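A short worksheet on the structure shown next.
The values are calculated or read from the model by the stated rules, or taken from the named source; none is laboratory data. Source: prediction; values computed, not measured. Neighbour counts run over all protein chains shown; Cβ positions are idealised from the backbone, glycine included. Protein only, heavy atoms only, side chains kept; ligands, DNA and RNA dropped before computing areas. Shrake-Rupley method; radii C 1.70, N 1.55, O 1.52, S 1.80 Å.
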Amino acid sequence: MATHSKSIFDFTIQLISHGDPLQIHLRSHSQGQVHRAKLKGQELVVKVQRPGLKDLFDIDLKNLRVITENLQKLDPKSDGAKRDWVAIYDECANVLYQEIDYTKEAANAELFANNFKDLDYVKVPTIYWEFTTPHVPTMEYVPGIKINRIHALDQLGVDRQKLSRYAVESYLEQILSHDFFHADPHPGNIADE
C-alpha cells in the first residue's frame, strides 16, 4: 500500500493507494474525484472538485443563455404552451451552480441523516465540517457493496427482496414524509453493508 500526502485548503490528508498511485490533479470529465483518506487514524472520504469547474460552467452557461434568449424570441408557441425558456434556463443554471458548492451537498447529507436517524437500515456518512469547503467535502468512510454487484450480494447471503423493500420504503419515506429526496441513486451512492 502506497500513501501520498497532499495539502488541500490548509489541512493535510493522507491518501491511501491500493496498488496504483492516486492522481491528485484531476483529468476527468466529472465534477471531481473521490479518494479514501486517513486523518488521525479515522478512514474518511475526500471528494476533490475538478480545478476550474466553475469557470467551465460560466463559459458554457453564458453560451446557453444566448441560445435561450434567441429561442425565447423565435418560439412561436403555436401549440398554446406558455413556455418561458429564460426562466427554465435560470432555474437550471441556479441548480447547476448549487451542485458545485459541496457545502450544500454536505448540509443536505446532514438533513438526510437527520430525517432517517430512526431507521437502522439507512446510513449516511458523518460530515467533517472542519475539513469541508465548497470544493472539498470530507466525510466518514462507510464500506459496503454496491447494489448492482448482485453476485457479491448473493455470496454474502443478502436478502435481495428485503433490500428492495428497504429501498422502496426509504424512497416513499423521502418523498411522502420529508419532501426531500436523494436525487442521484446510482450504485456508487447506494450500498449494502
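The set of residues from the stretch 147-164 being among the hydrophobic types (A, V, I, L, M, F, W, C) and over 10 Å from residue 192 (Cβ atoms) comprises just one member, 150.
For the stretch 173-193, the set of residues classified as under 24 Å from residue 37 (Cβ atoms), surrounded by 13 or more Cβ atoms within 10 Å (Cβ to Cβ) and of a type in the set (Asp, Glu) consists of 192 only. Given the criteria open to solvent by less than 80 Å² (accessible area, probe 1.4 Å) and not in a strand (DSSP E or B), does residue 70 qualify? In short, yes. Tell me yes or no: at least one residue of the stretch 158-172 is assigned to a helix (DSSP H, G or I), surrounded by 15 or more Cβ atoms within 10 Å (Cβ to Cβ) and among the acidic types (Asp, Glu). No: the stretch 158-172 contains no residue that is assigned to a helix (DSSP H, G or I), surrounded by 15 or more Cβ atoms within 10 Å (Cβ to Cβ) and among the acidic types (Asp, Glu).
Residue by residue, here is whether (1) in a loop (DSSP other than H, G, I, E, B); (2) open to solvent by 30 Å² or more (accessible area, probe 1.4 Å) holds:
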| site | (1), (2) |
| --- | --- |
| 110 | no, yes |
| 113 | no, yes |
| 122 | yes, yes |
| 133 | yes, no |
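Look through 87, 106 and report the one residue that is modelled with pLDDT of 90 or more and in contact with a Pro (Cβ under 7 Å, 6 or more places away or on another chain). It would help to see each step written out before you state the result.
Working: 87 fails: in contact with a Pro (Cβ under 7 Å, 6 or more places away or on another chain).
When all the criteria are applied, what remains is 106.
Screening the candidates 68, 103, 132 for the property of being of a type in the set (Val, Ile, Thr) and in contact with a strand residue (DSSP E or B) (Cβ under 8 Å, 6 or more places away or on another chain) yields one hit, 132.
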